[in-house]
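Notes follow the structure.
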């Protein structure tokens, strides 16, 4: 656990740079139903160590979302979605808890938990994050169809990039 802080700082900077410098220009469309946004920065929240206190998780999620908002000119939408994602994180972890339990000294990575477990966990978390993000972006139930379509189009592409990042960097902790 002694090296968790430097690992998470590097992960924070790396995912922020990937999101802002690489994936932001790849976003497709402007408005309407078919806007596709590739999001990989929520992976930082997903991979926080299991024993991270809730205030620290919420604060780091806010920092990540706020910095993404600054680069996207999006007025707090990413920050709010990130904080809510960090807040609900314990529930999917509890639902997917292995029979033998978790080693709370580690992060829930693909390598430690297995590919199938990680795909289930990250899919639940990414689906929730995208749904919240597009709901806050629209901020009206009138656009419910648009919210669901944007979530459905962005989900597989965002998960594709999450899987690529997990296989390239194969985080240990």
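Numerical summary
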| quantity | calculated |
| --- | --- |
| Checking residue 160 against (1) in contact with a strand residue (DSSP E or B) (Cβ under 7 Å, 6 or more places away or on another chain); (2) without any contact (Cβ under 8 Å) to a residue 12 or more places away in the chain, the condition it does not meet | (1) |
| Unmet criterion (only one of (1) exposed (fewer than 12 other Cβ atoms within 10 Å of the Cβ); (2) not in a loop (DSSP other than H, G, I, E, B)) for residue 99 | (2) |
| Residue among 84, 70, 93 that is in contact with a helix residue (DSSP H, G or I) (Cβ under 8 Å, 6 or more places away or on another chain), part of a helix (DSSP H, G or I) and over 16 Å from residue 132 (Cα atoms) | 93 |
| Residue list for segment 24-56, filter: assigned to a helix (DSSP H, G or I) and either at pLDDT 90 or above or surrounded by 18 or more Cβ atoms within 10 Å (Cβ to Cβ) (or both) | 42, 43, 44, 45, 46, 54, 55, 56 |
| So residue 120, is it under 21 Å from residue 19 (Cα atoms), under 14 Å from the mean Cα position of the chain (by Cα) and part of a helix (DSSP H, G or I) | no |
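The values are calculated or read from the model by the stated rules, or taken from the named source; none is laboratory data. The structure presented is a predicted model; accordingly, all values stated were derived computationally and were not measured. We place every Cβ from the backbone using ideal geometry, glycine too, and count neighbours over all the protein chains shown.
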